[in-house]
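Data first, discussion second: the structure below is written as structure tokens.
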Amino acid sequence: MDASEVRRRLRDRALELGFDRVAFVAAGPARDAARLDTWLADGLHADLHWMARAPEVRADPRRLLPGARSVVSLLTFYHTTPAPPDDRWVGRVSRYAWGRDYHRVLERRLRKLVRFAGELAPGARTLPGVDYRPILEKEWAERAGIGWIGKHTNLITQDAGSWFFLSELVTELDVAEPEVEPKERCGRCTACLEACPTGAIVAPFRVDARRCISWLTIENRGPIPAELRPLVGEWIFGCDICQDVCPWNRFAKPVDDPAFALDRRRFDSDLTDFLTLDRAAFEARFEGSPVRRAGRDGFLRNVCVALGNRRRPTDLGPLLGALADASPLVRAHAAWAIGRLGGDDAIDALEARRAVETDPAVALEIERAIDAA
């Protein structure tokens, strides 16, 4: 079987499994490894320490799989509809997390595709990846001709925008097609830089994760810096602003993939309802959801910040419950939110909590909240 026939069969099988686009490129030295090293050296990755692991592997997928000849880039759209109605959707969740955890969904599809590749060429090894292996997946997709890396550092396709997941196969199969010279089509547009409320896109093609709402609300395990909390708005998991404003996303094609459709059982409630979740209830409610990545305490921290930015007096009661939460992280952000609500009742509640608070960091948040109320 020649390479073109193997490619055709792999592509057909990938589309059957639910992938939307497939492209092939030769494995070899990465071009963007040095730029990533500079980004890491400048500390812009916050505490995403895994991104600094195995730099020699990241620089060449042939070190990940000795003997690798090709990288197969796979694109999966997740722009599902309908969008949440404005009158019921309280708290903002990144679109990719509306449904099931994409890692699980794509890994199952990739395992089937790996088995199929093994049937086409018995003995040829193939490794799958869904953003957890040290592979510069956006670079390989760009070199394979899928799209270009935009100023917000997401990959963009000319005809369908950027609402998609990337995954890949690194394989010993010789199925590469000629490499495509990437053509960056952002031009003079700076919509994503201007729209980012925290200024996380510090320059075109350069993001400071420490200021990114997605990092602040998902990967960050500590407090959200006080100066950034008002800028987070009502995002309680992730952020889509840079993609929402990208002109290329006017070409986005909604897909009917139940794996990524909005799961209303998880989100159809008022923000304050989340504050009642203990650890077991949180795990149960978000089983199989990307939201579990934030952890119960981190998620409730985000909810408190969103409530502080919503500034509804009726939210004081639920926030008082959070002010007595077992987690210092939750208590600290509940105090901040109560200070944002202001008023005599808020001050009285904060002062009452100050009298019994034992955690120094929370006590400091309470003092600042009283001053702000």
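The values are calculated or read from the model by the stated rules, or taken from the named source; none is laboratory data. All of these numbers come straight from a predicted model, not from anything done at the bench. Please note: Cβ atoms are built from the backbone with ideal geometry, for glycine as well, and neighbour counts cover all protein chains shown. Note: accessible area is taken over every heavy atom of the protein model, side chains too, but ligands, DNA and RNA are not part of it. Shrake-Rupley method; radii C 1.70, N 1.55, O 1.52, S 1.80 Å.
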- Item | Whole-number D in µm²/s for segment 23-81 (Stokes-Einstein; Kirkwood sum over Cα pairs; 25 °C, 0.890 mPa s) | 183
- Hey, what D do you get for segment 1-143 in µm²/s if you plug the Kirkwood alpha-carbon radius into Stokes-Einstein at 4 °C and 1.567 mPa s? 75
- Message: Once neighbouring chains are kept in place and the probe is 1.4 Å, which whole percent of the accessible area of segment 36-148 is contributed by carbon and sulfur?
- Response: 50
- Note on the structure: Across Tyr96, Tyr132, Tyr78, the residue with the highest GNM fluctuation in the chain (Cα network, 10 Å cutoff) is Tyr132
- Note on the structure: In Å², rounded to a whole number, the accessible area per residue of the chain with probe 1.4 Å is 44
- Task: From largest accessible area down, sort His333, His45; use a 1.4 Å probe on the protein chains.
- Result: His45, His333
- Who wins for biggest fluctuation among Phe116, Phe77, Phe286 in a Gaussian network model of the chain, springs between alpha carbons below 10 Å? Phe116
- At a Cα cut-off below 18 Å, give the aspartates and glutamates reachable from Lys253, other chains included and same-chain residues fewer than 8 away excluded. Asp20, Asp159, Asp240, Asp244
- Query: Most mobile of Ala30, Ala226, Ala195 per a Gaussian network model of the chain (Cα springs, under 10 Å)?
  - Reply: Ala226
- Task: Report, in whole Å, the centroid distance computed from the Cα atoms of segment 48-110 and segment 328-363.
- Result: 38
- Note on the structure: Debye calc, one equal point scatterer per Cα of the chain, no solvent, log10 I(q)/I(0) at q = 0.12, 0.13, 0.14 1/Å comes to -0.94, -1.07, -1.19
- Assign one of three labels to segment 243-289, namely rounded, prolate or oblate, based on the Cα gyration tensor with a ≥ b ≥ c the square roots of its eigenvalues; rounded applies when a/c is under 1.5, prolate when it is not and a/b is larger than b/c, and oblate otherwise. prolate
- Item | Accessible area of segment 216-261 belonging to carbon and sulfur atoms, whole % at 1.4 Å probe | 62
- To the nearest 500 deg cm²/dmol, what mean residue ellipticity at 222 nm is calculated for the chain from DSSP H runs of n ≥ 4 alone, each contributing -39,500 (n - 2.57), summed and divided by the residues? -11000 deg cm²/dmol
- Item | Orphan Cys of the chain, criterion: no other Cys C-beta under 4.7 Å | Cys186, Cys189, Cys196, Cys212, Cys239, Cys246, Cys304
